[in-house]
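Comments concern the structure below.
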Amino acid sequence: MKNRFDTGKVLVIDDEQILRDGAERILKRMDFQVFKASRGEEGLKILEQEPVAIVLLDMKMPGIDGMEVLKRIMELDRGILVIVITGYATVETAIEAMKRGAYDFIPKPYEPDQLRIVVNRAREKMRLTQETEKLEMERKRTLADLHTSQSRVHTIIESLPNGVLVTDTNGKVVLLNPAFKQHLGLAKDLMPGGDIGAYIYDKELCKLIIDISRGKYVDFDDIPTHELNLDGGRFLLARSRPVLGEKRECLGAVTNIMDISAMKALDQLRAEFVAKVSHELRSPLSTIHEQLAMALNDMDEGASENEQYLLSRAKEKTKGLISTIGDLLDLSRIEAGIASKESKPVQVDELLKSIVDFLGVQAAAKKQSLTLEIKDEPLPSIMADPMSLESVYGNLITNAINYTQAGGEIKVFLDKTGTNLRVIVKDNGYGIDAKYMDKIFEKFYRVKNENTRFITGTGLGLPIVKGIVDSLGGYIDVESETGKGTSFTVLLPIK
């Protein structure tokens, strides 16, 4: 690759010989090859012959002025960095020059150190530009060779049952295997080399792949999957990831396509089964629960303590089963993508006050303190289903009450951070051992130890909370230490 410039060459255009000579002495000590011109026309002629990287340009000169010279240098489109020298100048002149493409400016009279700093900064930028261009060329060459490669890796990709598509940083397709063409119904003789839109007709997926190809995703865990709903009841799942070079620079993107039609059908059957069984069970269980409650109320004074205990336990167990069925239905609705019944503006501060007031009775029964602290009032509302939000915060506060010893403290904080509303539910209870932290959001998982074995629950509360938070585009995090307490943080976007 022929360089557009030589980072060791500098041109000084100034009508004052003393300043030209002074700049030359300083720059030569910095190992630059220096060219000098007393007029704009002379400087432009030098640029036609020499691959100069940096130009020191006086704004006030006889003949064509500095602004016109700057304009012509920019038209050369060689990546030259122009440092404007403003002798008579005002700040407005320097700003106008930078708007027209100048890299930096330095006022007259300037100290040698000032010149060294500005020029060194420009030299470093030029060096980085050269490295970037070199990497870009290597990037293009590396990915462009994929299709013609006869390596074992290429053979493996060709035989994979899942579709594979590779794009470069410009969104050009450089490789696609037969399975990809089959999944998307493309012609068997279709070759790489075109824009991504000629191979994938889903505009949202095309945009995602282009963004990944251009290195816009820093954290790979944030890259979403994408589903394609095709004719005939077929569903495809697309997963895209960056292709990284040796220095972890982004070379493009690789997209994996798999057919999930069978999994979709199975998931639908499972959801229908859960819903049917839940509905069939909830009604008779509710009847049994009411009858047990009536039996307890109608017991005469002669009933034994054992009879009362058995009926109370039966009533408690039926209530737990009804709660489990409700949680299962909620979870099925969330997994089906129906997390919210109706989204409307919700004032989270008012909702939390109501929840804390309601659950305060439960906390008081255990002699616990339950407090709410709200900062940055008044706070903006968020768009969500109020019942879903009540489920999120209610579950977290209820868990804090259940998993905190009598006399403990539960504190709820609400504030605004960036574009999110943040709610923290913190307790000084039993805490969660580090080995269980990656499992607490799994369905039916409950931590069992000496402190928690008598606490009843379905193990579905936290999965429901996470499902709702995820559906709202939010984020949930937990910190805990055994014997010292747990803190749940929920961030929800204001818009």
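For this structure, a couple of remarks:
- Residue, farthest from Tyr103 (Cα to Cα), within segment 115-130, restricted to residues that are of a type outside the set (Lys, Arg) and in contact (Cβ under 8 Å) with a residue 60 or more places away in the chain: Gln130
- Condition met for Asp385 (without any contact (Cβ under 8 Å) to a residue 60 or more places away in the chain, under 26 Å from Phe441 (Cα atoms) and in the same structural domain as Gly418 (by TED's automatic domain parsing)): yes
- Scanning segment 167-179 for residues being under 15 Å from Gly215 (Cβ atoms) and either outside any strand (DSSP E or B) or of a type outside the set (S, T, N, Q) (or both) gives a total of 4.
- Scanning segment 252-285 for residues that are among the hydrophobic types (A, V, I, L, M, F, W, C), at pLDDT 80 or above and more than 20 Å from the chain's Cα centre (by Cα) turns up Ile257, Met258, Ile260, Ala262, Met263.
- Qualifying positions in segment 83-99 - surrounded by 12 or more Cβ atoms within 10 Å (Cβ to Cβ) and at pLDDT below 70: Gly87, Ala89
- The single condition among (1) at pLDDT 80 or above; (2) β-branched (Val, Ile, Thr); (3) not assigned by TED's automatic domain parsing to the domain that holds Pro386 that Thr371 does not satisfy is (3).
- Checked against the criterion of being among the hydrophobic types (A, V, I, L, M, F, W, C) and at pLDDT 90 or above, the candidates Leu70, Leu76 yield just one match: Leu70.
- Of all the listed residues (Leu135, Leu128, Leu205, Leu160), the sole one being at pLDDT 90 or above and either closer than 22 Å to Arg248 by Cα or not basic (Lys, Arg) (or both) is Leu205.
- Filter result (among the β-branched types (Val, Ile, Thr) and part of a helix (DSSP H, G or I)) within segment 199-241: Ile209, Ile210, Ile212
The values are calculated or read from the model by the stated rules, or taken from the named source; none is laboratory data. Note that this is a predicted model, so its numbers are computed, not measured. Every residue, glycine among them, receives a Cβ derived from its backbone with ideal geometry; neighbour counts consider all protein chains shown.
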